[in-house]
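Down below is the structure, laid out as structure tokens.
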Amino acid sequence: MPSRQPSVRWGRFHSAIQLAIRRSAKKWTHADFAECFPLYCKEDRNGSMAAYNHISEYIETQINRDLETVFEQYSLQDNLDSLHQTITEAKQRQADGTAGKDVWREELEPVGLVCARTVPDLEAEAKRLREAVAEMEEANRHLGIELEESTDATREANARSTALLDKLDEVMELWKTALEESNIQDWTLQTAETARRRHIYLIRFDYTYIGCISLNLTISP
């Protein structure tokens, strides 16, 4: 329950609820319990009495817990406190003779009174929602513009890349044509053959040097 000071109306309502819960939990007596379990109550009267009291306390606690949940779900104390404050202020205005037009009259319909109280709040909420929707639409419009700009930039970058690749393909074709029409390919083959022979000579030289070292190691005493 709320920690603030409750109104008198809520205090009376809560006290009446607690009294009704206690009466409902204790409405059945130990005699009623004994009719359900006669053998148990006859053999162990003290134990049956303790069981009866325990069940009664459990019923009372469970009802209290369920009602407290309902009260919190519907903000019953806040609503009763608001009602008590409204009635108290109305009685005070009536006693002071300062009651305005917003007073109860016989020809005043409850629907009109409720509308007078709720319609301004609903209109204010509808205005707030319209403003929120307008802000969201404006934000979506900016996001759409940014997305379109990003898409155009991506499309331009792709076109530039495609042009560069096309240019590279042209250069490669020109290079292949130049190779076919010149002696560069023969020169490349000769250079590769010379490098291969030099590599083989170096390998043979290494093997000869290693063999000499092995021979020296064998002749030495």
TYR40 passes all but one of (1) out of contact with any Ser or Thr (no Cβ under 8 Å at 6 or more places or on another chain); (2) surrounded by 13 or more Cβ atoms within 10 Å (Cβ to Cβ); which number fails?
(1)
Within the range 45-69, residues surrounded by 14 or more Cβ atoms within 10 Å (Cβ to Cβ) and among the aliphatic types (A, V, I, L, M) come out as MET49, ALA51, ILE59, ILE63, LEU67
Hey, among the residues in the range 70-122 that are modelled with pLDDT of 85 or more and not in a helix (DSSP H, G or I), which one's surrounded by the most Cβ atoms within 10 Å (Cβ to Cβ)?
SER75
What are the pairs, 6+ residues apart or on separate chains, where a residue within the range 29-49 that is closer than 19 Å to ILE59 by Cα has its Cβ under 8 Å from a residue that is in a loop (DSSP other than H, G, I, E, B)?
SER48/PHE37
Quick test for you: out of ALA157, ALA132, pick the one residue that is of a type in the set (A, V, I, L, M, F, W, C), part of a helix (DSSP H, G or I) and modelled with pLDDT of 90 or more.
ALA132
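The values are calculated or read from the model by the stated rules, or taken from the named source; none is laboratory data. Nothing here was measured: the structure is a model prediction, and the numbers come from that model. Using ideal geometry, Cβ is built from the backbone for each residue, glycine included, and neighbour counts are taken over all protein chains shown.
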